[in-house]
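Here is the structure we will look at, set down as C-alpha cells.
The values are calculated or read from the model by the stated rules, or taken from the named source; none is laboratory data. The structure presented is a predicted model; accordingly, all values stated were derived computationally and were not measured. Backbone-built Cβ (ideal geometry, glycine too); neighbour counts: all protein chains shown. Keep in mind that these areas ignore ligands, DNA and RNA; they rest on the heavy atoms of the full protein, side chains included. Shrake-Rupley method; radii C 1.70, N 1.55, O 1.52, S 1.80 Å.
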Amino acid sequence: MVDLATASSGPAAHDDEGAPLVELRGVDKHFGPLHVLKQIDLTVARGEVVVIIGPSGSGKSTLCRTINRLETIDAGTITIDGRELPAEGRELARLRADVGMVFQSFNLFAHKTVLENVTLGPIKAKGVKRAAARSRAMELLDRVGVANQAEKLPAQLSGGQQQRVAVARALAMDPKVMLFDEPTSALDPEMINEVLDVMVGLARDGMTMLVVTHEMGFARRAANRVVFMDGGEIVEQADPETFFTSPSSARARDFLSKIL
Ligand code: ADP
Ligand code: MG
C-alpha cells in the first residue's frame with residue numbers, strides 16, 4: 001500500500017507537523033461591487049484537515065480559488081509553506097504546483113485515458129520521465145481503487161470513479177496541500193462514500209487538506225477543525241464536535257438547523 005501523503009519525493013508530511021503550511025492574512029476580494037472575501041485570516045497547519053462550511057454564496061469556492069491563484073486578491077497575503085504567493089510569474093507556477101485541487105465537477109480531460117489524465121501534469125509540468133510517471137500513476141490509481149480503469153476514457157467511468165481519478169491526478173503532482181471544493185456534491189448518493197473514504201485515507205496518511213463540504217460525517221471522521229463562513233467572513237471555527245453540538249454564533253446555529 002502506498003502512503004499517499006509521504007510517497008512523494010518531497011519531505012514527509014509528518015516532518016514539522018503543526019507548522020503553518022497555508023497562511024492567509026487580511027485577504028480581501030471583490031467581484032465588482034460585491035465584497036466576497038472580507039479580511040480573511042486563516043492558518044492551516046501541516047498535517048491538519050480543515051473543513052469549510054457555510055451557506056451558498058458565502059465565498060467558500062472563491063477562498064479555495066485564491067489559494068492557488070485561480071483568483072487574484074485585492075489585499076492581504078497568502079503564504080504556502082513559508083513563501084508568499086506572488087501575483088504572477090515563474091515563482092507563482094512553482095508554488096501553485098504545491099496546491100492540488102479537486103472540484104465539484106471532475107474536470108478530467110475527456111479525450112485522454114484515465115492513465116494519461118494522471119501522467120500528463122507530471123510529464124509536462126515537472127519533466128518526469130514517461131515510465132516513472134506511469135508507474136507512479138498506477139500506484140495512485142490503485143490506491144484510489146480504479147487501477148483497472150486505467151485505459152478507459154473518463155466518460156466510461158461512473159461519477160465516483162471519475163472523482164477518484166481527479167484525486168489521483170492532483171496527488172500525482174506531489175502537492176503539499178490538497179483543496180477539495182464540494183467534491184461529492186455532483187455525485188449520486190451511492191457514490192459519495194467511495195470518494196469520502198479516499199479522502200479520509202488521505203487525511204489519516206497526514207495530508208494537509210482544506211475541504212469545502214457539507215458532509216458532516218466526513219467532518220466528524222476526519223476534520224481537526226471546522227471553519228464556518230457566511231457573507232465573505234469567517235464567523236467562527238472550532239473542532240467538529242464543539243461546532244456541531246454547540247456552535248457559538250447565531251448564524252452557525254441557523255445554518256446548521258437548515259442542513260442537519
Ligand atoms: P460559495 O462557494 O460559498 O457558494 P462563491 O465563492 O462561489 O461562494 O461565491 C461568493 C460570491 O461571489 C457569490 O455571491 C457569487 O455569486 C460571487 N461570485 C463568484 N464568482 C464570481 C465571478 N467570477 N464574478 C462575479 N461574482 C462571482
Ligand atoms: Mg462553492
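Placing +1 on the Cβ of each Lys and Arg and -1 on the Cβ of each Asp and Glu in the chain, which of Gly57, His30, Leu115 has its Cα farthest towards the positive end of the resulting dipole?
Leu115
Please name which of Asn224, Gly76, Ala87 has its Cα lying farthest along the dipole of the chain towards the positive end, using unit charges on Cβ (Lys, Arg +1; Asp, Glu -1) and the Cα centre as origin.
Final value for the positive-end residue is Ala87.
With all protein chains present, how much of the accessible area of region 108-260 (probe radius 1.4 Å) comes from carbon and sulfur, to the nearest whole percent?
Taking all protein chains in place, region 108-260 shows 49 percent carbon and sulfur surface.
Per DSSP H run of at least 4 residues, take -39500 (n - 2.57); add these up for the chain, divide by its residues and hand me the 222 nm value, nearest 500 deg cm²/dmol.
It lands at -11000 deg cm²/dmol.
Mind checking which lysines have their Cα closer than 19 Å to the Cα of Lys129? Skip sequence neighbours fewer than 8 apart in that chain.
Within the straight-line cut-off, Lys129 pairs with Lys112.
Given an 8 Å cut-off on Cα distances and at least 6 residues of separation, report the relative contact order of the chain as a percent.
That works out to 26 percent.
Of all beta bridges DSSP finds with both residues in the chain, what is the antiparallel percent, to the nearest 5?
55
Would you mind calculating the relative contact order of region 30-121 from Cα pairs under 8 angstrom and at least 6 residues apart, reporting the percent as a whole number?
Once divided by the residue count of region 30-121, the mean separation gives 17 percent.
If you place +1 on the Cβ of every Lys and Arg and -1 on the Cβ of every Asp and Glu, how big does the dipole about the Cα centre of region 134-260 come out, in debye to the nearest 20?
Using only the charged Cβ atoms, the result is roughly 240 debye.
So what is the accessible area of the chain per residue, in Å², with the probe set to 1.4 Å?
44
Using DSSP to define loop residues, name the trypsin sites (Lys or Arg not before Pro) in region 133-174 whose beta-carbon has at most 15 other beta-carbon atoms within 10 Å.
Lys152
To the nearest 20 Debye, how big is the dipole of the chain about its Cα centre, given +1 on the beta carbon of each Lys and Arg and -1 on that of each Asp and Glu?
760
How do Glu241, Glu48, Glu194 rank by accessible surface area computed with a 1.4 Å probe, from largest to smallest?
Ranked list, largest accessible area first: Glu241, Glu194, Glu48.
Counting pairs of alpha carbon atoms under 8 Å apart in space and at least six apart in sequence, what relative contact order in percent does region 152-260 give?
Here the relative contact order equals 19 percent.
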